[in-house]
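Since every read-out is calculated from the coordinates, none of them should be taken as a lab result. All values derive from a computational prediction rather than experimental measurement. Because the Cβ atoms are built from the backbone with ideal geometry, glycine has one as well, and the counts that use them run over all protein chains shown.
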Amino acid sequence: MIPRIAKEEIDELLDNFPAVGVLGPRQIGKTTLAELVAESLDPKPIYLDLENPLDLAKLNEPEAYFEAHKGNLIILDEVHRVPELFPVLRGVIDRRRKEGLRTRQFLILGSASLDLLRQSAETLAGRIAYRELSGFVINEIEETGPLAQDKLWLRGGFPDSFLSKNDLNSFRWRLNFINTYLERDIPQFGPRIPTVLLRRLWTMLAHHQGGQLNTAQLSSSLDIALPTVKRYVELLEDLFLIRTLRPWSGNVGKRLVKTPKVYIRDSGLTHALLNLATYDDLLGHPVSGNSWEGFVIENLMAALPLGMTPWYYRTAAGAEIDLVLERGATERYAIEIKRSISPSLSKGFYLGCEDIKAERRFLVYPGKERFPLAKDVTAIPLAGMVTELLNLKI
């Protein structure tokens with residue numbers, strides 16, 4: 001069982017680009033995916049973990065090393081740790097192009113999206129394709145039924161968390177993951193950030209899961225400068241730990257809310273930050289509904305076809321849609337998210353659909369059956385909505 005980006009998709013990208021980058025947080029399964037890709041290749045790929053001093057030492061003369069292994073796919077893990085490699089990669093790729101070798105040269109794995117994209121923007125433009133790796137989504141887990149969905153929601157999509165023997169072991173794994181990120185990983189990506197302060201910020205965001213991002217309020221609560229709060233939020237987003245969902249801003253002649261909403265991306269981390277170890281703990285907590293909303297959104301984000309952009313919609317008059325998916329000038333999906341088994345829609349959802357002229361309208365709920373809920377609105381299980389989006393790729 002591996003996360004969403006299937007081996008076949010990476011194989012296809014490697015057939016069309018000299019370099020492919022796989023992005024995602026630590027422990028999400030990037031190395032496992034790379035190993036699966038490597039199994040079917042001949043000659044056998046070379047794997048280098050650039051956090052390992054022994055592997056890093058092999059690249060003291062990178063051009064000579066790459067030349068010695070021409071013909072092998074070279075997998076570079078945590079490549080953002082060695083930004084000086086990017087100009088070298090460009091030179092190697094361009095020379096090989098002249099020799100007729102155009103594809104399957106480098107598979108790059110990284111845990112920091114902005115750093116990696118910024119470092120490679122100029123040097124590898126046109127030479128690399130990126131794909132983001134998410135954790136497990138509902139359609140991938142081998143277990144079936146509502147209990148499997150509840151387990152995924154509680155534990156989140158990190159493989160080691162979801163596959164733990166029991167909820168307590170999963171909870172311990174996530175607490176350790178959070179501590180490791182705060183104490184070891186995050187300091188590697190920028191100036192020293194006080195661990196206690198960043199934990200408070202991360203926890204505050206968990207309490208406000210799915211709320212509008214109010215950096216001024218966070219600044220006041222944490223007693224730190226507003227630019228510092230913004231920098232910390234951007235860092236957490238860069239490390240794939242939070243997601244900011246932008247408001248839809250089309251011209252509909254309405255007073256639109258312009259502030260992004262913010263989510264902890266992995267539901268299991270949300271619950272660990274709030275000390276919710278069991279399913280009963282989760283259901284009894286005020287964050288339950290917003291946590292379910294964030295869980296659904298992350299599952300749907302993992303299934304989005306290329307060219308489809310996510311938004312939310314809200315007006316000052318009360319029209320609101322939890323998730324708007326837009327592709328092209330006219331293709332728009334309006335998606336409402338409810339935790340109830342007997343869901344209903346508010347007037348604000350219908351008003352929002354009319355405002356944006358939504359082509360298709362869904363309500364995602366935790367049940368098992370798909371059925372018409374109201375005129376032009378379909379109630380659909382989460383797995384069904386994921387399948388609906390995956391089918392758009394065909």
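What is the calculated FRET efficiency for Glu84 to Thr259, with r their C-beta to C-beta distance and R₀ = 35 Å, to the nearest 0.05?
Approximately 0.35, to the nearest 0.05.
Counting only C-alpha contacts under 8 Å and six or more residues apart, can you give the relative contact order of the stretch 138-294 as a whole percent?
The value is 31 percent.
What's the center-to-center distance, using Cα atoms, between the stretch 6-57 and the stretch 303-376 in Å?
37
Restricting to DSSP H runs of at least four residues, report the calculated mean residue ellipticity at 222 nm for the chain, -39500 (n - 2.57) per run over all residues, nearest 500 deg cm²/dmol.
Taken over the chain, the calculation gives -12000 deg cm²/dmol.
Order 130-141, 37-48, 158-169, 239-250 from most to least packed using the mean count of other Cβ atoms within 10 Å.
So the peptides 130-141, 37-48, 158-169, 239-250, ranked by packing, come out 130-141, 239-250, 158-169, 37-48.
In terms of modelled amide H atoms, which long-range or inter-chain residues lie less than 5 Å from the amide H of Glu336?
For Glu336, whose amide H was placed from the backbone, the distant partners under 5 Å are Phe362, Leu363, Val364.
Among Asn176, Val324, Phe371, which residue has its Cα positioned farthest towards the positive end of the charge dipole of the chain, with +1 placed on the Cβ of Lys and Arg, -1 on the Cβ of Asp and Glu, and the dipole taken about the Cα centre?
Comparing the listed Cα positions along the dipole, Val324 ranks first.
Any idea what the relative contact order of the chain is, in percent, if you count C-alpha pairs under 8 Å spaced at least 6 apart?
Relative contact order, the chain: 14 percent.
What three numbers, in Å, describe the spread of the alpha carbons of the stretch 258-313 along their principal axes, ordered from the longest?
38, 25, 15
Using a Gaussian network for the chain with springs between C-alpha atoms less than 10 Å apart, which of these wobbles most: Ile341, Ile321, Ile74?
Highest fluctuation of the listed residues: Ile341.
Could you give the length gained on full extension between Thr309 and Glu142, defined as 0.36 nm per residue of separation minus the Cα-Cα distance, in nm?
My answer for the length gained is 57.2 nm.
Just to verify a number: FRET efficiency for Asp94 and Asp150, C-beta to C-beta distance, R0 = 51 Å, to 0.05?
0.50
Per residue of the stretch 374-380, what does 6.51 cos²θ - 1.76 cosθ + 1.60 with θ = phi - 60° give for ³J(HN,Hα)? Whole Hz please, x for Gly and Pro, Karplus curve as stated.
Calculated HN-Hα couplings, in order: 7, 4, 6, 10, 10, 7, 9 Hz.
Mind telling me which of Glu336, Glu67, Glu320 comes out most flexible in a GNM of the chain, alpha-carbon contacts under 10 Å?
For the chain, modelled as a Gaussian network with Cα springs under 10 Å, the answer is Glu67.
Take Ala317 and His207, extend 7 Å from each Cα along the Cα→Cβ direction, and tell me the distance between the two endpoints in nm.
For the pair Ala317/His207, the computed spacing is 3.6 nm.
Of all alpha-carbon pairs in the stretch 146-391, indicate the percentage at a distance above 26 angstrom.
42
Ala374 to Ser340: FRET efficiency via 1/(1 + (r/R0)^6), r the Cβ-Cβ distance, R0 22 Å, to the nearest 0.05?
Approximately 0.90, to the nearest 0.05.
Could you give each residue of the stretch 100-108 its phi-based ³J(HN,Hα) in whole Hz, using Karplus coefficients 6.51, -1.76, 1.60 with θ = phi - 60°, and x for Gly or Pro?
For the stretch 100-108, the Karplus-derived couplings read x, 9, 10, 9, 6, 10, 9, 10, 10 Hz, x marking Gly and Pro.
Please get the size of the charge dipole for the stretch 36-103, origin at its Cα centre, with Cβ charges of +1 on Lys and Arg and -1 on Asp and Glu, quoted in debye to the nearest 20.
440
Using a Gaussian network for the chain with springs between C-alpha atoms less than 10 Å apart, which of these wobbles most: Ile335, Ile108, Ile356?
Among Ile335, Ile108, Ile356, the largest GNM mean-square fluctuation belongs to Ile356.
Between Lys70 and Leu392, what is the label-point separation in nm under the 7 Å Cα-to-beta-carbon projection?
4.4
List the lysines whose alpha-carbon lies under 26 Å from that of Lys258, not counting same-chain residues fewer than 8 positions away?
Here the lysines satisfying the reach criterion relative to Lys258 are Lys230, Lys338, Lys347, Lys357.
Which order do the peptides 17-23, 209-215, 194-200 come out in when sorted by mean C-beta neighbours inside 10 angstrom, highest first?
Top of the packing list down: 17-23, 209-215, 194-200.
Of all the C-alpha pairs in the stretch 7-132, what % are more than 27 Å from each other?
So the portion of pairs separated by more than 27 Å is 7 percent.
Using modelled amide H (1.01 Å from N, peptide plane; none on Pro or chain starts), what sits under 5 Å from the amide H of Gly21, excluding residues fewer than 5 places away?
Amide H to amide H, under 5 Å and 5 or more residues apart or across chains, Gly21 pairs with Ile108, Ala129, Tyr130, Arg131.
Once you order the gyration tensor axes a ≥ b ≥ c over the Cα atoms, which shape class does the stretch 35-85 get: rounded for a/c under 1.5, otherwise prolate or oblate by comparing a/b with b/c?
Here the stretch 35-85 falls in the oblate category.
Need the full-extension length gain, Leu222 to Asp185, defined as separation in residues times 0.36 nm minus the C-alpha distance. One decimal, nm.
Separation in residues times 0.36 nm, less the Cα-Cα distance, equals 11.1 nm.
Label-point separation (nm) for Asn176 and Thr103, each offset 7 Å from Cα along Cα-to-Cβ?
Using points 7 Å along Cα→Cβ, the separation is 4.1 nm.
Which values of log₁₀ I(q)/I(0), to two decimal places, follow from the Debye formula for the stretch 254-394 at q = 0.11, 0.13, 0.18 Å⁻¹ with a uniform point scatterer at every Cα?
Listed by q, the Debye log ratios stand at -0.42, -0.58, -1.11.
What is the angle, in °, between the Cα long axis of helix 226-238 and the longest principal axis of the Cα atoms in the chain? Nearest 10 is fine, range 0 to 90.
Computed tilt is about 70 degrees.
Using the Karplus equation 6.51 cos²θ - 1.76 cosθ + 1.60 (θ = phi - 60°), what ³J(HN,Hα) coupling, rounded to whole Hz, does each residue of the stretch 11-21 give in order, writing x for Gly and Pro?
4, 5, 5, 5, 6, 10, 9, x, 9, 10, x
Angle check, please: helix 146-155 long axis (alpha carbons) against the longest principal axis of the chain (alpha carbons), in degrees 0 to 90, nearest 10.
Compared with the principal axis, the helix lies near 60 degrees.
Note the angle between two axes, namely the Cα long axis of helix 85-98 and the longest principal axis of the Cα atoms of the chain, as a number of degrees from 0 to 90, rounded to the nearest 10.
70
Over the stretch 7-132, what is the relative contact order in percent, taking alpha-carbon pairs closer than 8 angstrom and at least six residues apart?
The value is 42 percent.
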